[in-house]
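Bear in mind that the values in this text are calculations on the coordinates, not laboratory data. As the structure is a computational prediction, the values presented were derived from the model and not from experiment. Cβ coordinates were reconstructed from backbone atoms using ideal geometry, including for glycine residues, and neighbour counts include every protein chain displayed.
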């Protein structure tokens, strides 16, 4: 492994290439996700609500319950219910 200026060039190149591959994969996946949202919209689903549901499903059930309770409290405080 050649060191250039104290940097292991082959190791650095390996990191850069791995990151570049993952960035390409992420872009492809983002495109796929956009297509699915578009398909869902074409089927009559509300995309904003669908995104919110996806976000909620990622949360721990305890955190989600706590957030929903706080939202209810805030809505009552603001006389939204």
Please determine whether any residue of the stretch 25-43 is under 30 Å from residue 81 (Cα atoms) and out of contact with any helix residue (DSSP H, G or I) (no Cβ under 9 Å at 6 or more places or on another chain). no
Could you check the stretch 1-31 and list, in sequence order, the residues that are outside any loop (DSSP other than H, G, I, E, B) and touching a strand residue (DSSP E or B) at 6+ places or on another chain (Cβ under 8 Å)? 9
Which of the residues belonging to the stretch 37-52 are surrounded by 11 or more Cβ atoms within 10 Å (Cβ to Cβ) and assigned to a helix (DSSP H, G or I)? 37, 38, 40, 41, 47, 50, 51, 52
What are the pairs, 6+ residues apart or on separate chains, where a residue within the stretch 47-63 that is more than 18 Å from residue 35 (Cβ to Cβ) has its Cβ under 9 Å from a residue that is surrounded by 10 or more Cβ atoms within 10 Å (Cβ to Cβ)? 56/64; 56/67; 56/68; 57/64; 59/67
